[in-house]
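Novice: Right, I'll just put the structure down here and ask away after.
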Amino acid sequence: PGVSLGGVGGVPISSNSALRFSEQEAECRLNKGRCEQLAFDLDPFTAWTAECAPCEQRQAWIGILFRTRAREIRCFRLYQGALKESRTEAVELGFWDGNTWQVE
């Protein structure tokens, strides 16, 4: 399963452990769950959740593995939950350069 953001296709990835196909299908039908696609479905009423709670710094992450060569993304919007336990105070935007993570 993939997503398309502004015509750029990719596969959602996260720090959550991989789910069996049947579990993944069930999670992706929820409004809030461990399914990474819920973060990129353009629906503000669905949400991805990390399996850690509370999470340590840099323990939880979410991203997209793009299928095409690198593209410049100039803007993104992050929605967070109303509960303090479900929010983060800091966000890092980074990319994989083929060897290490580079943080913007």
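Novice: Can you find even one residue in region 92-99 that is of a type in the set (D, E, K, R) and surrounded by 10 or more Cβ atoms within 10 Å (Cβ to Cβ)?
Specialist: Scanning region 92-99, I find at least one residue that is of a type in the set (D, E, K, R) and surrounded by 10 or more Cβ atoms within 10 Å (Cβ to Cβ), so the answer is yes.
Novice: Return the residues of region 31-61 that are hydrophobic (A, V, I, L, M, F, W, C), farther than 19 Å from residue 85 by Cα and more than 11 Å from the chain's Cα centre (by Cα); say none if nothing qualifies.
Specialist: Once the filter is applied, which keeps residues that are hydrophobic (A, V, I, L, M, F, W, C), farther than 19 Å from residue 85 by Cα and more than 11 Å from the chain's Cα centre (by Cα), region 31-61 yields only 42.
Novice: Any residue that is touching a residue at least 40 places away in the same chain (Cβ under 8 Å), under 24 Å from residue 18 (Cβ atoms), open to solvent by less than 100 Å² (accessible area, probe 1.4 Å) and aliphatic (A, V, I, L, M) - is there at least one of those in region 43-61?
Specialist: Yes, region 43-61 contains at least one residue that is touching a residue at least 40 places away in the same chain (Cβ under 8 Å), under 24 Å from residue 18 (Cβ atoms), open to solvent by less than 100 Å² (accessible area, probe 1.4 Å) and aliphatic (A, V, I, L, M).
Novice: Looking only at region 19-39, decide whether some residue is loosely packed, with under 10 Cβ neighbours inside 10 Å, without any contact (Cβ under 8 Å) to a residue 12 or more places away in the chain and under 17 Å from residue 78 (Cα atoms).
Specialist: Looking for residues that are loosely packed, with under 10 Cβ neighbours inside 10 Å, without any contact (Cβ under 8 Å) to a residue 12 or more places away in the chain and under 17 Å from residue 78 (Cα atoms), one finds none in region 19-39, hence no.
Novice: I'd like the full set of residues that are more than 13 Å from the chain's Cα centre (by Cα) and touching a residue at least 40 places away in the same chain (Cβ under 8 Å), limited to region 62-72.
Specialist: Those that are more than 13 Å from the chain's Cα centre (by Cα) and touching a residue at least 40 places away in the same chain (Cβ under 8 Å): 67, 68, 71.
The values are calculated or read from the model by the stated rules, or taken from the named source; none is laboratory data. Predicted model, so just to flag it, every value in this text is computed and none were measured. Reconstructed Cβ throughout: ideal geometry from the backbone, glycine too, with neighbour counts over all protein chains shown. Please note that ligands, DNA and RNA were not included when accessible areas were found on the heavy atoms of the full protein model with its side chains. Shrake-Rupley method; radii C 1.70, N 1.55, O 1.52, S 1.80 Å.
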